Every structure is written in C-alpha cells, then in structure tokens.
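First the structure, in the form of structure tokens, and then the observations on it.
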C-alpha cells in the first residue's frame, strides 16, 4: 500500500488489461493509455506460444469478438509467434465498451514488449498466468510457466515492480520457490471464503477477489494478517465507493482514468 505524507493510505489503481474501457484490451495502445492516465499498475494476462514466447492475451486463443485473422482461431499454444502476429486485435471495438477507441493493426504483444514500457516510468505490472488445470495442453506445466515468467521479469530488472497473480495456485507455489522476491496475488472467484485462508493456500501476500466478495470485515482480517486486498474489476463509482469504504489497498478497473479522477 502506498502512503502519502501525513495522509490516509492511498488506494492504488491497476489498469485492467491496460484500459479496456478506452482501448483494445492487452494491446500496447491500452497500456500506453493507462500509463498516460497515471495508473499505478498495469494489469495483464500471459499465455505461451508453440515456440515458447510469452505473449499478452487473456484468452487461450485469439477471441474472434475482438480479433480478426486468417481462418478460425486456434489455441495460442498451438501457434508460433509469427502465426499469432497475423491476427489484428485492435481494429474491432469491444461491444461491451462503447467508448473504446480502436487501434487498427494492433497485434497481441509479447511480454517483453510490454515490460519494456517500464523504462518510461515507475509504475508496476500485475501479471496473471493464464493456466488451466483442466486443460493442461494450453500452457506449459506450472513450474515451467513460472520459470519462464521469472526469467522475463529478471531480464527487464523489474523484480520489485511486479506482482504475479493467478487463479491456478500451482503457479504461485512454483513462483515462490523460483523467484521469492516477487509479490504474489491469489485471484479468487469461487464464492465467499475467508481471505486469509485463500492467501495461505496460495502462499501469497495479496488476495485478489472478485469485487462483490469484499466486505469491510474481510479486509480488516486480511490486514491484521499482514495481507493486501486488491479486488477486480469494478467500473462503477458506487462500487468504487463501497470498496474505498471497506479499506482495500488497490482496485483493478477497466477505466483507470475515471477511477483516478474519482479518487481525487
């Protein structure tokens, strides 16, 4: 939690998939928008190509609702980076975000391309490993995934600016052994459960629940246990106000510019 001099703790703003409300998700255009808006952290998702390149995508295959490319979409894990680069994920506007401005020609970026943006500021990165226990063919094994991601973070010398988050706690357990210097966040969306127990199971210092699961009591208990609470993904001022009142440490939102203005 960041502190401002002589004031209450400041709630940090994480730009979800960059700034999905304003630019096509997980594109360099979205991340640049979030940086310029003043987001404290860029939130993103990582998948792995057939030739073992870490790329930034929420979906395990190019999503035809927001991307266009040659033929039907195949899993990213079955495509080389060169094949994946043939997909345009910036020309279509996501119908769920009517204010979104397209970025024609935007490709699914590599993680290296996104981490390289870190040279231009002091913002952090919140990186989700998209790992699916029920579909192991879509990703490397958890230990290998963690090793690849830790290597990328270290290559860019961003160890102290990165959070690794996941719903698949196997990747967090593996990451804790491989790169104990990295902060870990346990994502949660499986109904009400004690935040402290969630974090303990994942070996994480941050619990990151779906925002509807947050209560002031849960936040207090988490803080007493030395944990941070970083909910996702509210976009409405009424929800922001409820989370602010609950005392969360950060908020992951699709509209970082609006949340920053709201917090001011």
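Within the range 96-109, one or more residues are more than 25 Å from residue 140 (Cα to Cα) and touching a helix residue (DSSP H, G or I) at 6+ places or on another chain (Cβ under 6 Å).
Taking the criterion of being over 19 Å from residue 163 (Cα atoms), surrounded by fewer than 23 Cβ atoms within 10 Å (Cβ to Cβ) and touching a strand residue (DSSP E or B) at 6+ places or on another chain (Cβ under 8 Å), the residues of the range 220-242 that qualify are 235, 240.
In summary, residue 82 fulfils each of the numbered conditions (1) closer than 21 Å to residue 175 by Cβ; (2) outside any loop (DSSP other than H, G, I, E, B) with the single exception of condition (1). Looking only at residues of the range 59-76 that are more than 21 Å from the chain's Cα centre (by Cα) and in contact (Cβ under 8 Å) with a residue 12 or more places away in the chain, we find that the one that is surrounded by the fewest Cβ atoms within 10 Å (Cβ to Cβ) is 70. For the range 108-132, the set of residues classified as touching a strand residue (DSSP E or B) at 6+ places or on another chain (Cβ under 7 Å) and not in a helix (DSSP H, G or I) consists of 108, 109, 110, 123, 124, 125, 126, 127, 128, 129, 130, 131, listed by residue number. Within the range 209-264, being in a strand (DSSP E or B) and touching a helix residue (DSSP H, G or I) at 6+ places or on another chain (Cβ under 9 Å) holds for 209, 228, 229, 232, 251, 252, 253. Residue count for the range 121-137 satisfying the condition of being farther than 16 Å from residue 182 by Cα and buried (at least 23 other Cβ atoms within 10 Å of the Cβ): 1.
Residue 137 satisfies every condition listed in (1) in contact (Cβ under 8 Å) with a residue 60 or more places away in the chain; (2) assigned to a loop (DSSP other than H, G, I, E, B) except (2). For the range 59-76, the criterion of being at positive phi and touching a helix residue (DSSP H, G or I) at 6+ places or on another chain (Cβ under 7 Å) is met by no residue. Identify all residues within the range 22-42 that are in a loop (DSSP other than H, G, I, E, B) and farther than 16 Å from residue 89 by Cα; write none if there are none. Of everything in the range 22-42, those that are in a loop (DSSP other than H, G, I, E, B) and farther than 16 Å from residue 89 by Cα turn out to be 38, 39, 40. Would you say residue 143 is surrounded by 14 or more Cβ atoms within 10 Å (Cβ to Cβ) and either at pLDDT below 95 or part of a helix (DSSP H, G or I) (or both)? Here the answer is yes, as residue 143 does meet what is asked.
Taking the range 1-53 as the range and being more than 13 Å from residue 254 (Cβ to Cβ), modelled with pLDDT of 95 or more and out of contact with any helix residue (DSSP H, G or I) (no Cβ under 8 Å at 6 or more places or on another chain) as the test, the residues that pass are 12, 27, 29, 36, 40, 41, 45. Only residues that are without any contact (Cβ under 8 Å) to a residue 60 or more places away in the chain and under 16 Å from residue 56 (Cα atoms) were counted across the range 77-97, and they come to 11.
Of all the residues in the range 182-192, those that are part of a loop (DSSP other than H, G, I, E, B), farther than 14 Å from residue 125 by Cβ and touching a residue at least 12 places away in the same chain (Cβ under 8 Å) number 3.
The values are calculated or read from the model by the stated rules, or taken from the named source; none is laboratory data. Everything numeric in this text was worked out from a predicted model, so none of it was measured. For neighbour counting, all protein chains shown are included, and Cβ atoms are generated from backbone atoms with ideal geometry for every residue, glycine included.
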